[in-house]
Amino acid sequence: MRINCQCTTEGVTFRATPEPGDPIPVQGVTLGRQEAFVRCPNGDGFGSPHPDLLALAALLVFRPWIGKTVDFPDLALSTEFIEAVKQGQRLTARGDVRAGSSPPRRKPDNGRPGLAFSGGVDSVAALEVLPAETALFFMSRVAPTEEFSAWVFSKDGPHRALDALRAEGRTVYSIETDLEFVRSPPGVPLDWSNGVPMVLMADRESLDAVTWGLILESAYRIGRADFQDWGERPGFTRWALLFASVGLDMFHPVAGLSEIITSKLVMSSPHGTMAQSCVRGPGGAECGECPKCFRKMLLSSALGDRGFDFSTMARFWRSKRVLRTVTVYPIKHQNVLAYSLLRHDFEDAGLLAIQRMILASHPSFDLYQRHYAPALELVPEKYRTGVAERIGAYAAPMSAREEIELRAWSMPNIDDDADILALHQDCVRILRRSHEASLAQAQAGA
Ligand SMILES: [Zn+2]
């Protein structure tokens with residue numbers, strides 16, 4: 001693939017030209033638009049970002065569709081970056097051959113971390129445990145043309161949060177980009193793609209580290225697959241190498257924290273009211289009907305916030321999206337769901353069936369109230385003590401026995417386990433019935 005980068009005071013445009021050998025995408029995700037624009041805040045340019053930063057940002061947008069080589073004809077890349085791309089991504093990168101190579105980007109003196117801020121619970125939790133000087137970058141999705149406008153959600157919720165943080169004296173940016181339309185159907189091409197604004201601002205804001213609100217369940221695959229050490233997973237190692245080559249330490253301050261702790265932390269933090277995990281409701285509010293709202297509302301009720309009204313479960317069961325989420329095995333974040341259900345009394349047949357099924361594979365979920373301290377080893381030394389102290393104010397570390405229990409987390413293969421399979425089939429039957437019953441109820445009421 002060839003990628004052209006054009007910088008103006010308005011922003012940066014990346015244009016991709018696929019070449020023979022670039023992969024045919026899988027799983028129904030294809031390269032949609034071949035161009036992405038990132039608008040600079042205030043229209044005064046990103047400064048002159050180091051060429052390696054521009055190339056890294058382009059890789060965060062187009063990597064899934066690049067075969068074995070990538071050409072950046074406009075960028076004088078450093079040999080260090082080219083080597084990191086080779087090691088980390090198994091890609092041959094070429095820069096502007098006539099311009100020669102640039103010296104690598106070094107960490108700035110007195111640098112600070114950046115956070116890819118979404119406004120959700122996990123990123124507000126990350127904000128609480130990072131130092132106060134952390135700069136926040138919200139990726140604001142804009143449609144490239146009118147035909148994509150239905151894909152743009154309200155940003156009122158996150159923008160209210162950003163305004164409040166700005167008023168506190170925090171460094172915050174909302175940076176518009178249409179990069180998600182490079183993917184068809186639209187969405188972030190990679191887990192780290194919302195870090196593009198942060199990477200482009202790295203020189204202007206003297207960043208020496210980049211962070212995300214990634215939590216235990218995602219980092220260590222808890223609740224969905226067998227435990228795998230985050231520090232050894234390619235999603236981390238292959239990209240951390242690239243970020244390191246441009247003077248940015250990639251780290252995840254809440255990777256040792258389950259969603260149970262991040263929710264608890266945010267509820268008791270001064271920024272608790274600004275965290276919002278869903279923006280599908282009117283005016284960008286939480287919709288109270290989707291799978292995420294279902295899990296988060298049950299959890300915050302289990303943690304002592306607004307009580308969950310089980311008599312209104314029908315509104316969730318009505319939703320096809322909720323039905324799809326709870327009838328697959330494992331259910332996303334099922335450790336969190338089990339923890340929440342065990343802290344309530346209810347008679348809902350669907351929830352009881354879910355609870356029976358989850359408890360059959362894992363009897364205890366108490367350890368998720370404590371943090372997994374080995375995750376801190378991946379936090380750069382400069383920030384480690386501060387992050388550890390701030391986490392310690394909200395959650396105690398797991399005991400050595402609990403750490404072993406966590407590392408032993410595994411998901412039974414449902415086809416090899418007759419008991420779980422039977423419980424799952426039972427669960428699916430009951431949930432389908434709940435779905436149909438609540439649809440009928442809604443129609444009768446309408
Ligand atoms: Zn929702």
Can you tell me which residue within region 273-296, out of those that are in a loop (DSSP other than H, G, I, E, B), hydrophobic (A, V, I, L, M, F, W, C) and within 16 Å of residue 213 (Cα to Cα), is nearest to the ligand (Cβ to nearest atom)?
-> 278
Residue 46 vs. criteria closer than 23 Å to residue 107 by Cβ, in contact (Cβ under 8 Å) with a residue 60 or more places away in the chain and buried (at least 23 other Cβ atoms within 10 Å of the Cβ) | yes
Total residues in region 1-43, condition assigned to a helix (DSSP H, G or I) and surrounded by 14 or more Cβ atoms within 10 Å (Cβ to Cβ) = 1
Qualifying positions in region 181-216 - among the acidic types (Asp, Glu) and modelled with pLDDT of 95 or more | 203, 205, 208
Quick check: anything in region 81-99 of a type in the set (S, T, N, Q) and either in contact with a Gly (Cβ under 9 Å, 6 or more places away or on another chain) or at positive phi (or both)?
-> no
Matching entry among 205, 133 (being surrounded by fewer than 24 Cβ atoms within 10 Å (Cβ to Cβ), over 20 Å from the mean Cα position of the chain (by Cα), touching a residue at least 60 places away in the same chain (Cβ under 8 Å) and not in a helix (DSSP H, G or I)) = 205
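Condition check ((1) surrounded by 19 or more Cβ atoms within 10 Å (Cβ to Cβ); (2) under 27 Å from the mean Cα position of the chain (by Cα)) across all residues:
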position: 298; (1), (2): yes, yes
position: 301; (1), (2): no, yes
position: 316; (1), (2): yes, yes
position: 322; (1), (2): yes, yes
position: 336; (1), (2): yes, yes
position: 356; (1), (2): no, no
position: 359; (1), (2): no, no
position: 372; (1), (2): yes, yes
position: 391; (1), (2): yes, yes
Pick out the one residue from 256, 307 that is outside any helix (DSSP H, G or I), over 18 Å from the mean Cα position of the chain (by Cα) and among the small types (Gly, Ala, Ser).
-> 307
Of all residues in region 348-380, how many are under 16 Å from residue 406 (Cα atoms) and among the acidic types (Asp, Glu)?
-> 1
Failed condition for residue 265, given (1) under 26 Å from residue 63 (Cβ atoms); (2) crowded, with 23+ Cβ neighbours inside 10 Å; (3) of a type outside the set (Ser, Thr, Tyr) = (1)
Got at least one residue in region 113-124 being β-branched (Val, Ile, Thr), assigned to a loop (DSSP other than H, G, I, E, B) and assigned by TED's automatic domain parsing to the domain that holds residue 8?
-> no
Report yes if some residue within region 279-294 is crowded, with 21+ Cβ neighbours inside 10 Å, among the aliphatic types (A, V, I, L, M) and touching a residue at least 24 places away in the same chain (Cβ under 8 Å); otherwise report no.
-> no
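The values are calculated or read from the model by the stated rules, or taken from the named source; none is laboratory data. Keep in mind it's a predicted model, so treat the numbers as computed, not measured. Here the Cβ is made from the backbone with ideal geometry for all residues, glycine too, and neighbour counts use every protein chain on show.
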